[in-house]
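S.K.: This is the structure I have questions about; it appears just below.
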């Protein structure tokens with residue numbers, strides 16, 4: 001064989017190997033990206049469930065605590081703001097996740113104040129509809145925490161793969177970017193003070 005033919009075959013072999021490597025990287029990134037999108041959809045699903053429960057909870061509290069209008073208004077406004085912040089599954093940047101988490105955090109704080117209202121109204125505390133909604137809301141908060149945890153695990157796997165060599169070189173060229181995760185709420189590392 002001529003020297004030129006051997007060089008040409010080596011170059012073609014290297015191009016073929018590089019092409020196969022790129023295809024493999026792209027396939028894995030697509031699989032992991034789809035997994036992140038699926039876990040994000042579950043996060044959104046659980047938050048939607050919470051939004052639906054909030055409407056019923058506010059209506060129940062209204063019947064007993066009409067003069068707690070400022071608390072009810074705060075919950076309604078926080079819910080409206082939280083529903084306005086949507087994050088497209090194709091744009092799960094750290095900044096977008098942070099905005100989403102901040103809006104949800106404000107809603108959680110308003111809900112906490114709403115739950116405190118029950119302490120002032122013994123009839124509300126005994127209302128079966130309120131108790132059922134409160135239990136469902138607690139269960140939903142647990143589902144949200146689980147869904148967020150699963151999302152973070154999926155994103156961690158995706159981001160880790162994306163940052164490793166040679167994926168770090170190919171991922172950006174193929175349009176894949178690092179995705180954001182949920183962070184602990186501010187003050188979550190501080191234990192609450194319990195007084196008896």
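S.K.: Testing the spin-label approximation: label points 7 Å from Cα along Cα→Cβ at residue 86 and residue 55. State their distance in nm.
M.R.: 1.5
S.K.: Next question. At q = 0.13 Å⁻¹, what log₁₀ I(q)/I(0) does segment 74-134 have when each alpha carbon counts as one equal point scatterer in the Debye sum?
M.R.: Ignoring solvent entirely, the Cα scatterers give -0.47.
S.K.: Could you work out the relative contact order of the chain, using alpha carbon pairs under 8 angstrom and six or more residues apart, expressed as a whole percent? Walk me through the intermediate numbers first.
M.R.: Working: 136 pairs, mean separation 65.2, N = 196.
The normalised contact order for the chain reaches 33 percent.
S.K.: Between segment 1-41 and segment 143-175, how many Å separate their Cα centres?
M.R.: Between the Cα centre of segment 1-41 and that of segment 143-175, the gap is 19 Å.
S.K.: Express in nm, to one decimal, how much length is gained between residue 34 and residue 77 on full extension, taking 0.36 nm for each residue of separation and deducting their alpha carbon distance. Don't skip to the end; give the middle numbers.
M.R.: Numbers: separation 43, 0.36 × 43 = 15.48 nm, distance 3.32 nm.
Taking residue 34 through residue 77 to full extension adds about 12.2 nm, to one decimal.
S.K.: What is the gain in length, in nm to one decimal, between residue 6 and residue 142 on full extension, counting 0.36 nm per residue of separation less the C-alpha to C-alpha distance? Before the final figure, lay out each step's value.
M.R.: Values: separation 136, 0.36 × 136 = 48.96 nm, distance 6.35 nm.
Value of the extension gain: 42.6 nm.
S.K.: Based on the Cβ-Cβ distance from residue 62 to residue 183, what FRET efficiency comes out when R0 is 45 Å, to the nearest 0.05? All intermediate terms of the calculation are to be shown ahead of the outcome.
M.R.: Working: r = 34 Å, r/R0 = 0.76.
About 0.85, to the nearest 0.05.
S.K.: Could you compute how fast segment 1-115 diffuses translationally, taking Rh as the Kirkwood radius over C-alpha pairs and applying Stokes-Einstein at 4 °C with viscosity 1.567 mPa s? Give it in µm² per second. Kindly include the intermediate steps, with their values, before the conclusion.
M.R.: Working: Rh = 18.2 Å.
Rounded, D is 71 µm²/s.
S.K.: Could the peptides 3-10, 125-132 be put in order, highest first, of the mean number of other beta-carbon atoms found within 10 Å of their residues?
M.R.: Values: 3-10: 9.5, 125-132: 13.9.
Ranking the peptides 3-10, 125-132 by packing returns 125-132, 3-10.
S.K.: Please compute, over every Cα-Cα pair in the chain, the percentage with a separation greater than 32 angstrom. It would help to have the intermediate numbers written out before the result.
M.R.: Values: 7218 of 19110 pairs.
Result: 38 percent of Cα pairs exceed 32 Å.
S.K.: Okay, next question. Figure the gain on full extension for residue 102 and residue 15 (residue separation times 0.36 nm, minus the Cα-Cα span) and round it to one decimal in nm.
M.R.: Working: separation 87, 0.36 × 87 = 31.32 nm, distance 4.73 nm.
Gain in length upon complete extension: 26.6 nm.
S.K.: Given the options 47, 151, 64, which has the most mean-square fluctuation in a GNM of the chain, springs set between C-alpha atoms less than 10 angstrom apart?
M.R.: The residue that fluctuates most here is 64.
S.K.: With everything on Cα atoms, drop me the angle between helix 69-84 and the longest principal axis of the chain, reported from 0 to 90° to the nearest 10.
M.R.: Tilt relative to the chain: about 10 degrees.
S.K.: Do the sum for the chain: with -39,500 (n - 2.57) for every DSSP H run of n ≥ 4, divided by all residues, what is the mean residue ellipticity at 222 nm, to the nearest 500 deg cm²/dmol? Provide the component values of the computation, followed by the final result.
M.R.: Values: 6 runs with 150 residues, N = 196.
Here the helix-only value at 222 nm equals -27000 deg cm²/dmol.
S.K.: Just to be sure I understand the model, the point goes 7 Å from the Cα along the line to the Cβ. What's the resulting residue 123 to residue 173 distance in nm?
M.R.: Each label point is offset 7 Å from its Cα along the Cβ direction, giving 7.2 nm.
Coordinate-derived values only; no laboratory data. Bear in mind that the values here come from a model prediction, so they are computed numbers and not experimental data. Every residue, glycine among them, receives a Cβ derived from its backbone with ideal geometry; neighbour counts consider all protein chains shown.
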